[in-house]
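First the structure, in the form of structure tokens, and then the observations on it.
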Amino acid sequence: MRNDPTGRALQLLSLLQTHRFWHCAELAARLDVTQRTVRRDIDRLRDLGYPVDSTSGKYGGYRLATGAHVPPLILDDDESVAVAVGLRYAAEAAIGGIEETSLRALTKIEALLPHRLRRRVSALHSSVSSMRRADDDIVDPEALSVLAAACRDHEHVRFDYRRGDGESSRRLVEPHRLVTAGRRWYLVAWDHHRADWRTFRLDRLSEPWLAGSHFTPREIPGGDAAAFVARSVGSPPRHHDAKLAIEATFADLEGVLRWIDHTPIEVAADRCLVEIRSEDLGRLAMTVARIALTAPVVVIEPTELADTVSRLALHLRVSPP
């Protein structure tokens, strides 16, 4: 590496892309070269279009500046895998338009990955499934950008907001923090008309625009935006778990289980033990009925679900011809 200018320049670029300030002596020690060689390599990177800021003097050094275009990135193995996995799940985010963009970027990155890294990414993708909720609404990415900038710059924002009961109103707020909860986005802000803190769902918010004035940030109640949102929207529904014995192979059940939140516990040649989850016993009972259309099912636990399924079976009757 010491005598390989190209390899050394790539390693130097990788260090600079952390965007921290590097003393020239630090870079020389990391690269095992002289400070004069570091300065030559910095000039080489600048010739290639990388904007590198420098500070002269005894304690001078370098920092990669923000440029007018996106230069090629140098990523190590773990960083490459993290980016690929992150892009795959960004493609499933509830933000309008980001799915296609994320998939395009993912395709480009995966095409460049060596076989050993592509296998790691593939293993993660094939072993993890995401549940989509039917009531997920899509967030406008432009609105998200406006609100994020307003939070950063402490600038007032106006927008139209539709409450859960359908009533709409125009709001003037001091935006403080954006919070994600699963596939849902929230804005924590001080509402001027209510003279109080409020939580706004971004999928119910439309056409935010900067009001042109700034504010002094306030202290969020409790000091934590995520905790404030949790208190405002209430705790998520308690999920119920159930254990089922199904007289079928796991492969035979793939078609029905793919739409159900489940975990295989034990798989045999002619039967399998599966754990399923839902938000209430009623939905669990309907899930059991759906599986029963494919194969006989026995509810092992909980007892409450077994009783609910028994009542469901009693109430299902076919009228005589």
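Remark: P264 matches the filter, which requires a residue to be exposed (fewer than 14 other Cβ atoms within 10 Å of the Cβ), on the phi < 0 side of the Ramachandran plot and under 33 Å from the mean Cα position of the chain (by Cα).
Checked against (1) out of contact with any helix residue (DSSP H, G or I) (no Cβ under 9 Å at 6 or more places or on another chain); (2) not in a strand (DSSP E or B), G222 meets all criteria but (1). Listed by first and then second residue, the pairs with beta-carbon distance under 8 Å, at least 6 apart or on different chains, first residue in the range 14-30 and closer than 17 Å to R46 by Cα, second of a type in the set (S, T, Y) and part of a loop (DSSP other than H, G, I, E, B), are L16/Y50.
Of all the numbered requirements in (1) open to solvent by 60 Å² or more (accessible area, probe 1.4 Å); (2) within 19 Å of E167 (Cβ to Cβ); (3) outside any helix (DSSP H, G or I), S232 misses one, and that requirement is (3).
Kindly provide the set of residues from the range 188-226 that are out of contact with any strand residue (DSSP E or B) (no Cβ under 7 Å at 6 or more places or on another chain) and of a type outside the set (D, E, K, R), ordered by number.
Within the range 188-226, A195, G212, T216, G222, G223 qualify.
Just so you know, in the range 36-53 the residues that are closer than 15 Å to W22 by Cα and among the acidic types (D, E) include one that is surrounded by the fewest Cβ atoms within 10 Å (Cβ to Cβ), and it is D53. Are any residues in the range 155-211 open to solvent by 50 Å² or more (accessible area, probe 1.4 Å), touching a Pro at 6+ places or on another chain (Cβ under 9 Å) and in a strand (DSSP E or B), and if so, which ones? Selection gives R158, A181.
Filter the range 54-76 down to the residues that are of a type outside the set (G, A, S), modelled with pLDDT of 75 or more and open to solvent by 30 Å² or more (accessible area, probe 1.4 Å) and list them by number. Across the range 54-76, the qualifying residues are T55, R63.
The values are calculated or read from the model by the stated rules, or taken from the named source; none is laboratory data. For clarity, every value in this text was computed on a predicted model and none was experimentally measured. Neighbour counts are summed over all protein chains in view; Cβ atoms, including those assigned to glycine, are modelled from backbone coordinates with ideal geometry. Just so you know, the surface numbers come from the protein's heavy atoms only, side chains and all, with ligands and any DNA or RNA stripped out. Shrake-Rupley method; radii C 1.70, N 1.55, O 1.52, S 1.80 Å.
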